[in-house]
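Student: This is the structure I have questions about; it appears just below.
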């Protein structure tokens, strides 16, 4: 089977991927987008989204992603269901394999594969996800203002999210597995000096209680083995995210945790013609609106790159004729 040749291929379909598709389609780049294993990305497992501009009454995460997809299709983007299983970025056009069988040659590539939250592995995490269990305090903390919540983690992200929650909630129960935190000293000091944050050292969450919503968290002291129950209305997991970048390992420059490095102020990666946007390259903000913004940047960067390539080819052809 011969390979399909496309000008621009987008891998991933969250806010970053769909926004890149909208901009690229309007620039007549005829983008092809593969949605991946989870069309719509992390927002499809989110319930209410209240902090995305343009939705004054809020919107369900899956509904918002359907809106993004419809808009990209209306602009002319070729959106396909399929999983990219292999890439070769050693030369242009880039060689991409989809679903282990179809082969695509792409002149430019936008990576928008996102990141996945790390979970503790409790059965109740998935059962109550969106009903009080969350991996994003900035996204969902507002729904639990005036209530008591729990957060698990001991790094900078956990401290930042605990501080954020402390401004909304009456009390934040912070569960730290060891007898110390991994967070920077300044973040630890801020948490320790916030009156409504209570830190539980050597504490492991072993279950989340509640049928249809979070009602309490069951914890165990890892030193004494003693178990106890803390009544809370929400349970936030802040033990980190895993960027979905494994496909590009050894081919693109990444940081120590696997986030794809991009040139400052751009979406250019270490390989010319390959661009990265959204959570696969952003470990700081991780919001739908910032992902969409970087998707726009990636499409504009790709458009300029392809335009420069075409100009160079025309110049070369003209020189050859002359």
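Where a number appears in this text, it was derived from the coordinates with a stated rule and is not lab data. Not measured: the values here are computed from a predicted model. So basically every Cβ, Gly included, is an ideal-geometry build from the backbone, and we count neighbours across all protein chains shown.
Student: Only bridges whose two residues both fall in the chain count here: according to DSSP, what percent of them are antiparallel, nearest 5?
Tutor: Numbers: 27 of 59 bridges.
Beta bridges within the chain, antiparallel portion: roughly 45 percent.
Student: Going by how many other Cβ atoms sit within 10 Å of their own, how do 142, 236, 305 line up, fewest first?
Tutor: With the fewest neighbours first, 142, 236, 305 line up as 142, 305, 236.
Student: Between residue 253 and residue 97, what length in nm is gained on full extension when 0.36 nm per residue of separation is reduced by their alpha carbon distance?
Tutor: My answer for the length gained is 54.1 nm.
Student: In addition: Under the rule a/c < 1.5 gives rounded, and otherwise a/b versus b/c splits prolate from oblate, where does segment 72-174 land using the Cα gyration tensor?
Tutor: Prolate.
Student: Taking the beta-carbon count within 10 Å as an exposure proxy, list 78, 282 from fewest neighbours to most.
Tutor: Numbers: 78 16, 282 23.
The most exposed by this proxy come first: 78, 282.
Student: A follow-up question, please. Fully extended, how many nm does the chain gain between residue 116 and residue 242 (0.36 nm per residue separation, minus their Cα-Cα distance)?
Tutor: Numbers: separation 126, 0.36 × 126 = 45.36 nm, distance 0.52 nm.
Using 0.36 nm per residue and subtracting the Cα-Cα distance, I get 44.8 nm.
Student: Above 35 Å lies some portion of the pair distances; for the chain, what is it as a whole percent of all C-alpha pairs?
Tutor: It works out to 30 percent of all Cα pairs.
Student: For segment 22-80 and segment 264-294, compute the distance between their C-alpha centroids and round to whole Å.
Tutor: The distance from the Cα centre of segment 22-80 to that of segment 264-294 comes to 16 Å.
Student: Based only on other Cβ atoms within 10 Å, what is the fewest-to-most ordering of 105, 43?
Tutor: By the 10 Å Cβ count, ascending: 105, 43.
Student: Next question, about the same structure. Between residue 317 and residue 226, what is the label-to-label distance in nm when each label sits 7 Å out along the Cα-to-Cβ direction?
Tutor: Roughly 7.9 nm, to one decimal.
Student: Another question, then. Compute the helix-to-body angle for 15-26: its Cα long axis versus the longest principal axis of the chain, expressed 0 to 90° and rounded to tens.
Tutor: That helix lies at roughly 20 degrees to the long axis.
Student: A further question follows. Do the sum for the chain: with -39,500 (n - 2.57) for every DSSP H run of n ≥ 4, divided by all residues, what is the mean residue ellipticity at 222 nm, to the nearest 500 deg cm²/dmol? Don't jump to the answer; show the numbers that get you there.
Tutor: Numbers: 7 runs with 89 residues, N = 322.
After summing the helix terms and dividing by residue count, I get -8500 deg cm²/dmol.
Student: Just to confirm the number: angle between the C-alpha axis of helix 61-75 and the first principal axis of the chain, 0 to 90 degrees, nearest 10?
Tutor: Orientation of helix 61-75: about 10 degrees from the principal axis.
Student: What is the calculated FRET efficiency for residue 30 to residue 261, with r their C-beta to C-beta distance and R₀ = 30 Å, to the nearest 0.05?
Tutor: FRET efficiency, residue 30 to residue 261: 0.60.
Student: Okay, moving on. Could you give the Stokes-Einstein D for segment 119-237 in µm² per second, using the C-alpha Kirkwood radius, 25 °C, 0.890 mPa s?
Tutor: The diffusion coefficient I find is 176 µm²/s.
Student: May I ask what percent, to the nearest 5, of DSSP beta bridges between residues of segment 119-237 are antiparallel? List each step's numbers first, then the result.
Tutor: Working: 11 of 27 bridges.
That works out to approximately 40 percent antiparallel.
Student: Also, I was wondering about something else. What's the angle, to the nearest 10 degrees (0 to 90), between helix 156-166's Cα axis and the longest principal axis of the chain?
Tutor: Value to nearest ten degrees: 60.
Student: Shape of segment 1-53 from its Cα gyration tensor (a ≥ b ≥ c, root eigenvalues): rounded if a/c is under 1.5, otherwise prolate when a/b > b/c, or oblate? Please list the in-between numbers first.
Tutor: Values: a/c = 5.56, a/b = 1.72, b/c = 3.24.
It comes out oblate by the Cα gyration axes.
Student: When you count, for each residue, the other Cβ atoms within 10 Å and take the mean per peptide, how do 226-235, 271-280, 255-264 rank with the highest first?
Tutor: 271-280, 226-235, 255-264
Student: Would you mind calculating the gained length between residue 209 and residue 73 on full extension (0.36 nm times residue separation, minus the Cα-Cα distance), in nm to one decimal?
Tutor: Fully extending the segment from residue 209 to residue 73 adds 44.7 nm.
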